[in-house]
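The next block holds one structure in the form of structure tokens; read it before the comments.
The values are calculated or read from the model by the stated rules, or taken from the named source; none is laboratory data. These numbers come from a predicted model, not from an experiment. Note: ideal-geometry Cβ built from the backbone for every residue, glycine included; neighbour counts use all protein chains shown.
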Amino acid sequence: MMRILGIDSSVPQGSVALLENDKIISETLLNTGSGNHSDGLLRMVDDVLSEAQFRLEDIDGFGVTQGPGSFTGLRVGVSLVKGFVLATEKPAWGIDTLEAVSARQKPTGHPICAILDARKKEVYCAFFRYEGSRLVRSTPDKVISPEELSEMVSEPTVFIGSGLETYGKFFSDRLGSWFIDNSKLIEHSVAASTAGLARPHLETNPCFDLDELTIKYVRKSEAELNYMKQAL
């Protein structure tokens, strides 16, 4: 039996989940939706462990979303997990946020588009498909306009992710019957998907190297963009 603590702080509604093998035994969401994870994430971990009546030392490994998503949120989540690895000497594995978002969708014959609001009138997105019960990536992570994303859709597609809160109506109007929104059927958090996706890696290739827990920003940060402007 393997207990994995999954943490997601890359989307506005962060989450923490504890899995025993593939069963969710405790789970919580950040209710504010503000994206301010620095204050709430550790408390959420405490709540999940307390509900399951476990200590941090009882966890066998950690899964954490590594982006794309909120720059600040990602740094908070990855830093917290690095601290847990040092404190417990248990392994951790980074999971692509859009993959974790897509894995919330049960197997379907339709392509899946995971979408997050990237601000600046753009979205983070990636396409996936199920081959049997295995989720397979069809495209790399992208940061593009909603108009560009709609041009990539050529068949009925399941859209999933927090970006629908901002752009769901746009895609519904633009794509018509090709836009499938199953968000009301989703039963578990991004953190639970993260833990589930991390499990096979932690079982076969446990990683204790903190340098492997990198962040995938996809888009350059404001600081990098400002530096590039000043260098021109």
Using beta carbons and a limit of 7 Å, which pairs, at least six apart or on different chains, have the first residue in segment 144-167 and touching a residue at least 40 places away in the same chain (Cβ under 8 Å) and the second one surrounded by fewer than 17 Cβ atoms within 10 Å (Cβ to Cβ) and in a strand (DSSP E or B)?
Phe159/Asp181; Leu164/Asp181
Within segment 201-221, residues being more than 30 Å from Ser145 (Cβ to Cβ) and surrounded by 11 or more Cβ atoms within 10 Å (Cβ to Cβ) number 9
Out of curiosity, is Thr108 over 19 Å from the mean Cα position of the chain (by Cα) and closer than 30 Å to Val153 by Cβ?
yes
Search result, residues across segment 187-202 that are of a type in the set (D, E, K, R) and within 13 Å of Ala92 (Cβ to Cβ)
Arg199
Can you tell me which of Gly67, Gly77, Gly73, Gly63 is farther than 19 Å from Asn21 by Cβ and either without any contact (Cβ under 8 Å) to a residue 60 or more places away in the chain or not in a helix (DSSP H, G or I) (or both)?
Gly67
Single residue of Leu86, Leu41 found to be outside the structural domain of Lys142 (by TED's automatic domain parsing), at pLDDT 95 or above and not in a strand (DSSP E or B)
Leu86
Among Leu49, Leu80, Leu41, Leu98, the single one that is in contact with a Cys (Cβ under 9 Å, 6 or more places away or on another chain) and of a type outside the set (Val, Ile, Thr) is Leu98
What residue, of Ala87, Ala17, Ala103, is in contact with a Ser or Thr (Cβ under 6 Å, 6 or more places away or on another chain) and more than 30 Å from Glu147 (Cα to Cα)?
Ala17
Looking at this structure, is Arg104 in contact (Cβ under 8 Å) with a residue 24 or more places away in the chain and farther than 18 Å from Lys216 by Cβ?
yes
Among (1) modelled with pLDDT of 95 or more; (2) closer than 24 Å to Asn205 by Cα; (3) surrounded by fewer than 23 Cβ atoms within 10 Å (Cβ to Cβ), there is one condition Met1 misses while meeting the rest; what is its number?
(1)
Among the candidates Arg104, Arg134, residue that is basic (Lys, Arg) and buried (at least 21 other Cβ atoms within 10 Å of the Cβ)
Arg104
